[in-house]
Amino acid sequence: MVYYFTTKDPQGTEWFIYMGKHKEENEDLIKYGFPEDVWFHVDKLSSAHVYLRLPNGITIENIPENVLEDCCQLVKANSIEGNKENNVTIVYTPWANLKKTNGMEVGQVAFHQPKEVKKYKIEKRKNEIVNRLNKTKDEKFPDLPGMKAMREKEDREKAKKGAQDQREKEKMEKEEKEKEKELKSYASIMTVENMGKTNKEYSSWQEMEDDFM
């Protein structure tokens with residue numbers, strides 16, 4: 001089972017937060033996360049694995065402060081030890097930075113780049129935040145492998161479309177350069193001597209070509 005929560009930033013945009021009920025779900029979330037997901041956990045203590053799905057155009061660097069605090073409060077509230085303590089540190093990092101190696105326990109993770117792990121200090125639990133988030137909680141049994149496969153298919157299609165658009169753009173740019181080159185070539189031929197001392201100016205290579213016909 002996966003728990004889903006929603007919150008809003010000051011502009012009213014909805015943000016989606018989710019976490020596994022048990023460590024087995026945490027293992028699946030580690031495996032089937034999306035590139036735009038950000039992972040949260042209490043530093044050096046057992047806790048839930050909480051994920052924030054970033055909207056398009058948002059990076060880990062510009063998560064709104066209230067959204068960031070909501071995620072960290074939710075992590076703290078779902079840590080048996082961390083929930084009882086003050087001044088708890090929450091670590092968070094992009095999902096892609098999570099690393100699993102042989103021999104790790106279920107739900108345990110390491111990091112590819114420790115420097116990409118950020119920290120957020122929670123002085124104390126804020127019940128108003130935790131209660132507000134819990135009111136939005138939705139329990140689901142998502143097909144995580146299927147969702148991941150669908151997302152990867154969409155990414156492949158977008159990449160293919162992007163490559164096709166880039167080739168078409170390069171083709172058009174090449175044709176335009178060839179036209180400009182041809183126009184310059186005509187201009188070099190059409191000197192005062194070989195054009196009967198005409199002062200006519202041409203706005204395009206097509207107009208110049210018509211005069212040759």
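For residue 167 and residue 21 in the same chain, what is the full-extension length gain: residue separation times 0.36 nm, less their Cα-Cα distance, in nm?
Numbers: separation 146, 0.36 × 146 = 52.56 nm, distance 4.66 nm.
Between residue 167 and residue 21, full extension yields an extra 47.9 nm.
Write down the Kirkwood hydrodynamic radius of segment 84-188, to one decimal in angstroms, obtained as one divided by the mean of 1/r over all alpha carbon pairs.
That comes to 20.3 Å for segment 84-188.
Just the accessible area for residue 80, please: 1.4 Å probe, Å², rounded to the nearest 10?
Taking all protein chains as shown, residue 80 has close to 140 Å².
Of all accessible surface on the chain at a 1.4 Å probe, what whole percent is carbon and sulfur? Display every interim value, and only then the final one.
Details: 6790 of 13950 Å².
That fraction is 49 percent.
About its Cα centre, how strong a charge dipole does the chain have in debye, to the nearest 20, once Lys and Arg get +1 and Asp and Glu get -1 at the Cβ?
It works out to roughly 1160 debye.
Leaving ligands and nucleic acids out of the surface, order 155, 143, 9 by accessible area at 1.4 Å, largest first.
Reading off the accessible areas and sorting them downward yields 143, 155, 9.
Considering only protein heavy atoms, what per residue accessible area in square angstrom results for the chain with a 1.4 angstrom probe?
About 66 Å² of surface per residue is accessible.
Can you give the net charge of the other residues whose Cβ lies under 11 Å from the Cβ of residue 54, counting K and R as +1 and D and E as -1?
So the environment of residue 54 carries a net charge of -2.
Over segment 13-126, what portion of Cα pair distances is larger than 18 Å, expressed as a whole percent?
46 percent
So what's the projected area for the chain, the Cα convex hull averaged over all directions, in nm²? Numbers along the way, then the final one.
Numbers: hull surface 78.5 nm².
Averaged projected hull area, Cα only: 19.6 nm².
Could you work out the pair-distance distribution P(r) of segment 1-59 from its alpha-carbon pairs, with 10 angstrom bin width and percents rounded to whole numbers?
The distribution over segment 1-59 is 21, 51, 25, 3, given as percents.
Given the rule -39500 (n - 2.57) for each run of at least 4 DSSP H residues, summed and divided by the residues of the chain, what is its mean residue ellipticity at 222 nm, to the nearest 500 deg cm²/dmol?
Rounded to the nearest 500, it is -13000 deg cm²/dmol.
If you filter segment 28-104 for trypsin sites (Lys or Arg not before Pro), then keep DSSP loop positions with at most 15 other Cβ within 10 Å, what is left?
Answer in residue order: 44, 100.
For segment 90-150, what is the convex hull (Cα atoms) projected area averaged across all directions, in square nanometres?
Its Cα hull, projected and averaged over all orientations, spans 6.8 nm².
Could you compute the net charge surrounding residue 171? Neighbours are other residues with a C-beta less than 12 Å from the C-beta of residue 171; K and R count +1, D and E count -1.
-3
Excluding residue 123 itself, calculate the net charge of residues whose Cβ lies under 12 Å from the Cβ of residue 123, where each Lys or Arg counts +1 and each Asp or Glu counts -1.
+3
Quote the FRET efficiency, to the nearest 0.05, computed for residue 160 versus residue 89 with a Förster distance R0 of 35 Å and r equal to the Cβ-Cβ distance.
Calculated transfer efficiency: 0.25.
The values are calculated or read from the model by the stated rules, or taken from the named source; none is laboratory data. Only a predicted model underlies this, so the values are computations on that prediction, with no experimental measurement involved. When we count neighbours, we look across all protein chains shown, and the Cβ atoms used for this are built from the backbone with ideal geometry, even at glycine. All accessible areas refer to the heavy atoms of the entire protein, side chains included, with ligands and DNA or RNA removed. Shrake-Rupley method; radii C 1.70, N 1.55, O 1.52, S 1.80 Å.
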